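Heads up, the thing below is written out as structure tokens.
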Amino acid sequence: MAGLEMWLYLSALLFAIGLYGVITRRSAVALLLSIELMVNAVNINFAAFGWSRGDYTGQMIALFAVALTVAEVAVGLAILIQLSRTHKSTELNVATELK
Amino acid sequence: MIPFYLTAAAMLVSAIMVVRSTDLVRAVLWLSVVLGATAVAFIQLKADLLAVIQVMLYTGGVITLMLFAVLLTWRRDEGKPAAGRHRQGIGALLALGTAGLFVAAISRTELPEHTPLVESDSAAVGALFLQQHVVAFEALSVLLLAAMIGAIVLARRSDA
């Protein structure tokens, strides 16, 4: 079985890949995808620390994070759909107002 | 050890495909591979409940929602993964820097004593939710309700 630090390395790499996506993508949908990657990396960390300490609190906090992310994605996508209606594009550079 | 490396490889390769793929539909599908691999990782970490929730909420719900969003919105800007080579360079530099910083920090930190969970206990997680952390749990349900109403109001057509 892999040790705790292996999981932490995996999560760090996943987080960095997500960060690359957040910086380079121009489409807002792709940006949300990259944010999902980063949240996922954090969740792996929570679960890994909980596992290593023999404690279930890590899993519980990861579940909280999952619920929060789903709420965030729902609101984000709603904003995106509205943006696409008003500006005929989902590129982030066009998003300067919300009306 | 081998299951860990397989999961990690699947996760990292498909994560790179998510950020590099020019086709958004494909990027969403690659993300579902990442999320599935994460569910496998959770099972290895003795978090069965988390793995099931991950599959139900993410691979089932969020991916479907994302696909709808991709297909419902305008995509004439598709096909350009990034804003020019310059921005890609900055992105790669920052990502590598962050990864290096994290890896250095992890390798220098003395990790707490390793007493891993031996079996998955979903009932224990549920008890934590409904006993010790019940206030946070209730606050979360209010937040979910607010987010749901907010999403509906935002996505509604203004002329309807």
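Odds and ends about this structure:
- Residue satisfying all of: in the range B:124-159; loosely packed, with under 10 Cβ neighbours inside 10 Å and assigned to a loop (DSSP other than H, G, I, E, B); nearest to the chain's Cα centre (by Cα) among these: B:Arg157
- Within the range B:94-123, the set of residues being within 7 Å of chain A (Cβ to nearest Cβ) and over 24 Å from the mean Cα position of the chain (by Cα) comprises B:Leu111, B:Pro112, B:His114, B:Thr115.
- A:Ala2 more than 24 Å from B:Leu67 (Cβ to Cβ) and either among the small types (Gly, Ala, Ser) or more than 7 Å from chain B (Cβ to nearest Cβ) (or both): yes
- Screening A:Ala48, A:Ala62, A:Ala78, A:Ala41 for residues that are buried (at least 19 other Cβ atoms within 10 Å of the Cβ), more than 13 Å from the chain's Cα centre (by Cα), modelled with pLDDT of 90 or more and not hydroxyl-bearing (Ser, Thr, Tyr) leaves exactly one candidate, A:Ala48.
- Flag for B:Thr73 being in contact with a Pro (Cβ under 6 Å, 6 or more places away or on another chain) and modelled with pLDDT under 85: no
- Odd one out for B:Thr59 among (1) outside the structural domain of B:Leu29 (by TED's automatic domain parsing); (2) in contact with a Ser or Thr (Cβ under 8 Å, 6 or more places away or on another chain); (3) polar (S, T, N, Q): (1)
- Hits in the range B:1-34 (condition: touching a residue at least 60 places away in the same chain (Cβ under 8 Å) and part of a loop (DSSP other than H, G, I, E, B)): B:Ser21
- Cβ pairs under 6 Å, 6+ apart, first in the range A:85-97 and free of Cβ contacts under 8 Å to residues at least 40 places away in the same chain, second aliphatic (A, V, I, L, M) and surrounded by 13 or more Cβ atoms within 10 Å (Cβ to Cβ): A:His87/A:Val94
- The range A:1-16: number of residues that are farther than 16 Å from B:Ser107 by Cβ and crowded, with 24+ Cβ neighbours inside 10 Å: 1
- Of all the numbered requirements in (1) touching a residue at least 12 places away in the same chain (Cβ under 8 Å); (2) touching a Pro at 6+ places or on another chain (Cβ under 9 Å), A:Gly54 misses one, and that requirement is (1).
- Restricting attention to the range B:94-115, the residues that are in a helix (DSSP H, G or I), surrounded by 11 or more Cβ atoms within 10 Å (Cβ to Cβ) and either touching a helix residue (DSSP H, G or I) at 6+ places or on another chain (Cβ under 8 Å) or among the β-branched types (Val, Ile, Thr) (or both) add up to 8.
- Filtered residues of the range B:37-52 (kept if surrounded by 20 or more Cβ atoms within 10 Å (Cβ to Cβ) and hydrophobic (A, V, I, L, M, F, W, C)): B:Ala37, B:Ala39, B:Ala41, B:Phe42, B:Leu45, B:Ala47, B:Leu49, B:Leu50, B:Ala51
The values are calculated or read from the model by the stated rules, or taken from the named source; none is laboratory data. Since this is a predicted model, take the numbers as computed values, not measurements. Backbone-built Cβ (ideal geometry, glycine too); neighbour counts: all protein chains shown.
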